[in-house]
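*Asks:* Below are the C-alpha cells for one structure; questions will follow.
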Amino acid sequence: MSDAPIVLDDRRGMAAQRATEIRRRLAEVRADQAALRERQAELEKVMAAAPAQTWAEAAEKACYLIELFAATPGAEDPRRQRLIASVLDDFRRFTDGPPDRVDGG
C-alpha cells in the first residue's frame, strides 16, 4: 500500500478536467475581487478621514477618483479618454515639481 495521494484530476476525462479548472479559477477570481473591494473601501475610508495637507495629496485623491471614472462605461468616449489621460498627466507633472503651498503661492 502506498502513502502517495491519488490525483483524481488524472482519472477524469478532458472535459471534466477543464470544467474543474474553470471552477477553481472562477473561485480564485471571485476571492481576488472581494479582497480588492475590501482594500478599496479601506483606502477610501483613509482618504476621506482628513483633508489633504498638500496639493500633491489633493492630486492623489483626484487621480484615484478619475481612474475610477475611467473604468466606467461613461468614460469610453475617445474624447473623454484623451481628457482623462491629459488631466492625469498634468497632475503627475505638477506634483513632480517643487512643492506648492496649499494657498497657491
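The values are calculated or read from the model by the stated rules, or taken from the named source; none is laboratory data. Note that this is a predicted model, so its numbers are computed, not measured. In this analysis, Cβ positions are derived from the backbone assuming ideal geometry, glycine residues included, and neighbour counts consider all displayed protein chains.
*Asks:* Considering each residue of the range 74-105, count those that are out of contact with any Phe, Trp or Tyr (no Cβ under 9 Å at 6 or more places or on another chain), modelled with pLDDT of 90 or more and not hydrophobic (A, V, I, L, M, F, W, C), and give that number.
*Replies:* Matching residues across the range 74-105 total 10.
*Asks:* Okay, moving on. Quick one: V46 ticks every box in (1) outside any helix (DSSP H, G or I); (2) under 24 Å from R92 (Cα atoms) bar one, so which box is it?
*Replies:* In the conditions (1) outside any helix (DSSP H, G or I); (2) under 24 Å from R92 (Cα atoms), V46 misses (1) alone.
*Asks:* Just checking, how many residues over the range 58-84 are within 17 Å of E44 (Cα to Cα) and in a loop (DSSP other than H, G, I, E, B)?
*Replies:* Total satisfying the criteria: 1.
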